[in-house]
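Shown next, in structure tokens, is the structure this report addresses.
The values are calculated or read from the model by the stated rules, or taken from the named source; none is laboratory data. Note that the structure is predicted; figures quoted are calculated from it, not measured. Backbone-built Cβ (ideal geometry, glycine too); neighbour counts: all protein chains shown. These area figures cover heavy atoms from the full protein model, side chains too; ligands, DNA and RNA do not enter into them. Shrake-Rupley method; radii C 1.70, N 1.55, O 1.52, S 1.80 Å.
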Amino acid sequence: MRNARSLARRPFCLPVSITILGMAACLMASAAPAQTPTPAFALHNGDRVVFYGDSITAQRRYTRFVEDFIVSRYPHMRIEFYNAGVSGDTAEGGHAGDMETRVRRDVLPLHPTVVTIMLGMNDGRYTTEFPENFEDYKTGYRKLVDTLRSDLPGVRLLLIRPSPYDEIAHPPAIAGYNSVMVRYGDFVAKLGQEMNLPVVDFTAAVDDALRAGMRIDPRMAGSLLPDRIHPSETGHWIMAAALARGWNASPDVSSVAIDAATINVTRQENATVSDLKESGADLSWTQLDQALPLPLELNDAMTQFLLEISDIPLLDRQMMEAKNLSAASYNLSIDGKEMGTFSREQLAAGINLALYSTPMEQQAKSIDWTADDRAKLSGTRFDLITDGAAIPDERDGVKALDALDTKMIDGEYHNAQPKPHTFELKAEP
């Protein structure tokens, strides 16, 4: 059975969302150190991010998972995330109002500093026959970008190539419709280049994962987009990872290396190690990481499938190395909880703790629980705004929900603050 431990032992190079050039770059990176500086994280302390889109955004999943990613990785910043997705929406709007109404009602009151746009699935009208649909998409998309820039001076926009229509793991119901999404995505990429706006590619990220999944388990691959359009939670994690990469989020939770021969800490990146002790062949220490791993359900089969078909293991690195150990194998525990038994060679090469159910991973789950509650509250707030005209004191209701949401965000960041943990490496007899 696939599991996190087997993944931790396996050399890993990007399996998805890469072109032939990307593969070459990956191979080159393994042969020589990178020379280019790491791009700066795109979000800032105090940013308010609004996700604008259709029903795929309104599912409130990739938006929730990228919130998990950013809050767990940057718990000492405060970045707030809000959802403005509407089922059936197009670049011109939809049943919940035209684009101008949507921006005025669903975006501006949130005072965003950052807005992401992910549209296209409904704009193709589920046909490959009408070129005027593409013209409407281009015109509507440009108008949306211009409106956001005009109404929100200084806003930072991020454009997202639409997620795919699955013709890889399912027999095509609308043959060739994914080529429409690719064409729309090409326009989004061109517009981003023209306007000097960052662009993230959901189409390639999910398509690549689908192809990788088909090689491993076609049945499980088919669950990524069960209706060909709307991703499952696993599919949304893939999109969230692509978005986190697009913002240049750090892939590293922490990195610690210990030399057992000298009882010294030789590396502590984004972490502080104290009280390092030896007792015979055993080692113990206290470690305070400045970030948390992703809140993944590591005992779930779909999560393990996700880790095999995506590059999430490379984006969630909590590395621990122990070199020059005297015994052949060691039992690792954190706060008294056993993580597993590892050989001296494995520990010297490094263990990615993010692939284990550590106390830190359990703490990170509290972030996701709050993000999930906020997503549900967001849906209620939207229904109240759009359908609550006949409800007495509707505005007071929205204010009450907003106040509750602020308390939830406060709690989310409170729970995200890292804590010290006791590590023990005990030699196996």
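Working from Cα pairs under 8 Å separated by at least six residues, relative contact order for the chain is 18 percent. Counting 0.36 nm for each residue step from residue 410 to residue 219 and taking away their Cα separation leaves a gain of 64.7 nm. Each peptide in 340-350, 219-229, 64-74 receives the mean, over its residues, of other Cβ atoms within 10 Å, and ordering these scores from highest gives 64-74, 219-229, 340-350.
Rounded to the nearest Hz, the phi-derived 3J(HN,Hα) couplings of segment 257-264 under the Karplus curve 6.51 cos²θ - 1.76 cosθ + 1.60 (θ = phi - 60°) are 10, 10, 9, 6, 5, 10, 6, 10, where x marks glycine and proline. Put a plus charge on the Cβ of each Lys and Arg, a minus charge on the Cβ of each Asp and Glu, and nothing anywhere else: the dipole of segment 290-382 about its Cα centre is then about 220 debye. Projecting the Cα atoms of 65, 263, 273 onto the charge dipole of the chain, computed from C-beta unit charges around the Cα centre, puts 263 farthest toward the positive end. Using the Stokes-Einstein relation with a Kirkwood hydrodynamic radius computed over Cα pairs, the translational diffusion coefficient of segment 151-297 at 10 °C and a viscosity of 1.306 mPa s comes to 84 µm²/s. Helical content alone sets the calculated 222 nm signal of the chain at -13000 deg cm²/dmol, taking -39,500 (n - 2.57) per DSSP H segment of four or more residues and averaging over every residue.
The charge dipole of the chain, taken about its Cα centre with unit charges on the Cβ of Lys, Arg, Asp and Glu (plus for the first two, minus for the last two), comes to roughly 660 debye. Seen from all directions on average, the chain presents a Cα convex hull projection of 22.2 nm².
Net charge of the neighbourhood of residue 58, taken over other residues with C-beta under 13 Å away and scored Lys/Arg +1, Asp/Glu -1, is +2.
Spatially close Lys pairs in segment 281-429, defined by Cα atoms under 21 Å apart and a spacing of eight or more places or different chains, total 10.
Each residue of segment 221-307 gets 130 Å³ once the volume of the Cα convex hull is shared out per residue. Label-to-label distance, residue 196 versus residue 343, with points set 7 angstrom from Cα along the beta-carbon direction: 5.4 nm. Here is the result for segment 356-429: no trypsin sites (Lys or Arg not before Pro) lie in DSSP coil with at most 12 other C-beta atoms within 10 angstrom of their C-beta. Our coupling estimate for segment 343-353, obtained by passing each phi through the Karplus curve with A = 6.51, B = -1.76, C = 1.60 and θ = phi - 60°, is 6, 4, 5, 4, 5, 5, 6, x, 10, 8, 5 Hz, Gly and Pro reported as x. Dipole orientation for the chain: of the candidates 212, 144, 84, 212 has the Cα lying most toward the positive pole (charges on Cβ; Lys, Arg +1; Asp, Glu -1). For segment 41-81, dividing the convex hull volume of the Cα atoms by the residue count gives 62 Å³ per residue. Amide hydrogen proximity for residue 158: with H placed 1.01 Å from N in the peptide plane, the residues at 5 or more positions away or on another chain lying under 5 Å are 115, 116, 117. The residues of the chain expose, per residue, 43 Å² of accessible area to a 1.4 Å probe.
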